[in-house]
Amino acid sequence: MRSTFGQYIPGASVLHRMDPRVKIVLTVLYVVAVFLTGSLIGYAALTAFVLTAIFLSRVGFGTVMRALKPLLFIIIFTTVINLFFNSTGNTVLSWWIIRITDAGIINALRISYRLTLLITGTALLTLTTNTVDLTDALERLLRPMKLIRFPVHELAMMMTIALRFIPTLMEETDRIMKAQKARGADFETGGALKRAKAMVPLLIPLFVSAFRIASDLALAMEARCYHGGEGRTRMKTLRLGRLDLWAGMAFCVVAAAVVCDQCGLFAFADNAVRGLIFPGGAL
Amino acid sequence: MSIVVKNLTHIYDQGGPFEAKALDGVSFEAHEPAIIGLMGHTGCGKSTLVQHLNALLLPTAGSVVVCGIDTRTDKSRLRELRHRVGMVFQYPEYQLFEETVARDIAFGLRDSGLSEEEKKKRVRAAMEEVALDYDTYAEKSPFDLSGGQKRRAAIAGVLVMEPEILVMDEPAAGLDPRGKEEIDDIIRRYHEKHGATVLIVTHNMDEAAALCSRILVMENGTIAADGSPRQVFSDAERVKAVGLDVPYAARTAAALISRGVPVRPDVLTVEELAAEILRIKEERRA
Amino acid sequence: MDKSGNVGYNKTKTKTGEFMDAIRIENCTFTYEGDTLPAVDHVSLTVREGEFVAILGHNGSGKSSLAKLMNALETPDEGTVTVAGMRTDETDKLWQIRAEAGMVFQNPDNQIVAAIVEDDVAFGPENIGVKPAEIRRRVDEALAAVGMSAYAKHAPHTLSGGQKQRVAIAGILALQSRIIILDEPTAMLDPLGRREVLDTIRRLNRDDGITIVLITHFMEEAALADRVFVMEDARLVAEGTPREVFADRDMLRRTGLTPPNPVRLRNCLTDEGLALPADAFTDEEVIEEICRSL
């Protein structure tokens, strides 16, 4: 089963139809909120938000969860570190040098849940937005940076071209690899050094191809009147729609909850919940 | 040397989201040295088929036995197989990488156990085979050659292994008429000198008619026709049905016949057709 | 054939006059930096508006350099190139010239910029600052003109070679170019793709009066043109209708070009004593003449 992290699943759901700029901004704010919040109420609000988004995206709960796969190791690793190497709080279990405390458990749970929220939320952005729209939106969002001479257009153009030529270069790699294999090249066996050396007949032609493509493309772009970002217009304009407004509103509610929570407005509720879990009153 | 392909089926990405059947029960054999043309329009399975001949691809079902080596079961002999079956891919000049032409050509020999002297001899012979002068070009960078020369240097890099079977995927694609003729010469020369079987994938009917002694036509992953160029091209309807053109000479012969000029219907080249027309002229004069 | 009939697609364009020269090259010499021999050596030629011309010659004969001079990608060291009345050495006209004379290159992959077909077609007009709504209209029209509307949202790498070249042509149409220069556009295509591209450019020439300059190795393609130019060693060595050029056997032998098949058959027969008229040129004409002579 392949991971879905970074993949795009075509669709026409509410999330797919949203303005990619809004999606990016909300994702960034969401990430900030995840880091900011520390309480159960905050997590509950964010969980509700992300679950609603997953439901609306129609890509399927399983698909989103599969995005966690490549990062599972990091989640487990940080969980274990927090679980075993926390010296504060009441000891729950002690064995050899390991001392598990209730604070450690809470911390480990918090961190792993935080990472899960983070990854599912951001994965949802790439799952419902194709790379072209993503670059496009980034260019527009970063436009104010032009004032400080940040090469926004150039960066966006580079990303566009990279996206366009990744499949082409992959085909090229496959072809050259087969051709050298037919001449007896061996890319699979031997130690690290031997394998690295075996890559030379693949990498050099690939570089040459990349340069050839670059020079061909530069000429073709020039022939089509390309002269940088100055005076350039775009066919596709992004316009905020009602959907984006709804999404923004929904997030505002969640954000308000998180902020109020951080300010201690829901402390009573939080304490009540904690009291139910840890009657000893650990934290 | 022999090629025995039996009931070969190949499915890409089996069970995956991009599952596609590229070959569907292909069978053919070749035992005598010959120049065989493999034709069919893009996506018919030609490239998939030829990649089975040196085990770059393995059968999903069926078997491929080349030079007595079964590509599915004789795993230990695949290296040997790749030396005995030379493969020239499309635009082979894009695989050049060494600092000099001679070293690039010798790449295929590096694990051959040949002495340096022997290798040099082979490289020289291979360059002669593709009409690149050794003294002029051996020490040049392959990237400094002209387009046609690069192509020939890359072909020499395969010929240097002296394969018994030479597979070429559109070896003349993108070249100018002069370059195309040179490639045809290389194919003929190699076939005659080494008694090798050359399998060429081509779209050019006129070239195939003039060069090949056998034509395999593929369609949708199956073999749609197999025979001498005369047999294959004289069935114009069939050739057109698989989306290919009939060579000019055969097409014109058919037109002449319909106009009451009784030329042979199975002419392959302009020269043959001209001879036929002159024969009829003589007959009518007599 | 009505070549001035400027219907449909480019209607809004101000016409520059009925019998104007689309491209005029006068005594041009051009040498690449670092080269000693010129790539184009004292070449003069004129392409009339609405004309379909073909340029033949071997690799390295200067064909492609000539094409780059026509699109102001290069400027001549000597002589002048005038495109639709604008001289290519006038730098303030650069973008106008490139918009007027679009270029299609040999490798279908290496000239498509965007990761979606319609975005690529929009690339040209975006560069010259056309308004979004207008770009949209032009892109839709251009894709329709090359029969690629159904592929507007596809990724270029999923298309066939012939389809990619048609997208490249659409990219030029969206710039409202009146001249299309094609540098061996079919060299890397299979017969089907070649036919697609040729049918497209012939239709654009015939129906929309677009001037076509086709650089090619394929004699059968050159035979379709109104006029043919032959380049050899940086010089222009022959020009005329295909009928005239392919009848010049000495020139063809000198330049090593093989004439189209019907002409080869005619030559074969003539050499063997069955003389056919030297201007029999098309499939039908040659068959007709053979039947008559028997």
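Within the stretch A:209-246, the set of residues being open to solvent by less than 20 Å² (accessible area, probe 1.4 Å) and either among the aliphatic types (A, V, I, L, M) or under 20 Å from A:Leu15 (Cβ atoms) (or both) comprises A:Ile213, A:Leu217, A:Ala220, A:Met221, A:Ala223, A:Met235, A:Asp244.
Kindly check whether there is at least one residue in the stretch C:202-209 that is without any contact (Cβ under 8 Å) to a residue 40 or more places away in the chain and surrounded by fewer than 22 Cβ atoms within 10 Å (Cβ to Cβ). Yes: one or more hits. Which members of the stretch B:207-253 meet the condition of being in contact (Cβ under 8 Å) with a residue 24 or more places away in the chain, hydroxyl-bearing (Ser, Thr, Tyr) and open to solvent by 10 Å² or more (accessible area, probe 1.4 Å)? Listed by number, the residues that qualify are B:Ser213, B:Thr222, B:Ser234.
In the stretch C:99-111 there is no residue matching the filter, namely being of a type in the set (Phe, Trp, Tyr), more than 14 Å from chain A (Cβ to nearest Cβ) and in contact with a Leu (Cβ under 8 Å, 6 or more places away or on another chain). Residues of the stretch A:151-168 that are open to solvent by 70 Å² or more (accessible area, probe 1.4 Å) and over 21 Å from the mean Cα position of the chain (by Cα): A:Glu154 alone.
The helices (runs of 4 or more DSSP H) falling completely within the stretch B:111-166 that include 1 or more residues that are within 14 Å of chain C (Cβ to nearest Cβ) and either open to solvent by less than 30 Å² (accessible area, probe 1.4 Å) or touching a helix residue (DSSP H, G or I) at 6+ places or on another chain (Cβ under 8 Å) (or both) map to B:147-159. Where helices (runs of 4 or more DSSP H) fall entirely within the stretch B:199-286, those with at least 1 residues that are within 28 Å of B:Lys6 (Cα to Cα) are at B:205-211, B:229-234, B:236-241. Restricting the stretch C:143-159 to residues that are open to solvent by 50 Å² or more (accessible area, probe 1.4 Å) and free of Cβ contacts under 8 Å to residues at least 40 places away in the same chain leaves a set whose member that is nearest to C:Leu175 (Cα to Cα) is C:Ala144. Look at the stretch A:231-252: where a residue is among the small types (Gly, Ala, Ser) and a partner is part of a helix (DSSP H, G or I) and open to solvent by 60 Å² or more (accessible area, probe 1.4 Å), sitting 6+ places away or on another chain with Cβ atoms under 8 Å, you get A:Gly241/A:Arg17; A:Ala250/A:Thr52. Of all residues being surrounded by fewer than 15 Cβ atoms within 10 Å (Cβ to Cβ) and among the charged types (D, E, K, R) in the stretch B:22-42, which is nearest to the other protein chains (Cβ to nearest Cβ)? Just the residue, please. Among them, the one singled out is B:Glu29.
Among residues belonging to the stretch C:183-217 that are under 28 Å from C:Ile25 (Cα atoms) and within 9 Å of chain B (Cβ to nearest Cβ), point out the one that is modelled with the highest pLDDT. Of everything passing the filter in the stretch C:183-217, C:Glu184 is modelled with the highest pLDDT.
Evaluate the following for A:Gly89: is it surrounded by 13 or more Cβ atoms within 10 Å (Cβ to Cβ), in contact with a strand residue (DSSP E or B) (Cβ under 7 Å, 6 or more places away or on another chain) and not in a helix (DSSP H, G or I)?
So A:Gly89 passes the test.
One residue is enough: does the stretch B:82-103 have a residue meeting the conditions facing chain A (nearest Cβ under 10 Å), out of contact with any Cys (no Cβ under 6 Å at 6 or more places or on another chain), basic (Lys, Arg) and farther than 30 Å from B:Leu145 by Cα? The answer is no, given that none of the residues of the stretch B:82-103 is facing chain A (nearest Cβ under 10 Å), out of contact with any Cys (no Cβ under 6 Å at 6 or more places or on another chain), basic (Lys, Arg) and farther than 30 Å from B:Leu145 by Cα. I'd like to verify a number: residues in the stretch C:89-138 that are among the β-branched types (Val, Ile, Thr), within 30 Å of C:Cys28 (Cα to Cα) and buried (at least 18 other Cβ atoms within 10 Å of the Cβ), how many? Matching residues across the stretch C:89-138 total 3. Applying the criterion of at least 2 residues that are in contact with a strand residue (DSSP E or B) (Cβ under 9 Å, 6 or more places away or on another chain) and not hydroxyl-bearing (Ser, Thr, Tyr) to the helices (runs of 4 or more DSSP H) found wholly in the stretch C:77-169 leaves C:94-100.
The values are calculated or read from the model by the stated rules, or taken from the named source; none is laboratory data. This structure is a prediction, so every number in the text was calculated from the model and none was measured. Neighbour counts are summed over all protein chains in view; Cβ atoms, including those assigned to glycine, are modelled from backbone coordinates with ideal geometry. These accessible areas exclude ligands, DNA and RNA; they are computed on the full protein's heavy atoms, side chains included. Shrake-Rupley method; radii C 1.70, N 1.55, O 1.52, S 1.80 Å.
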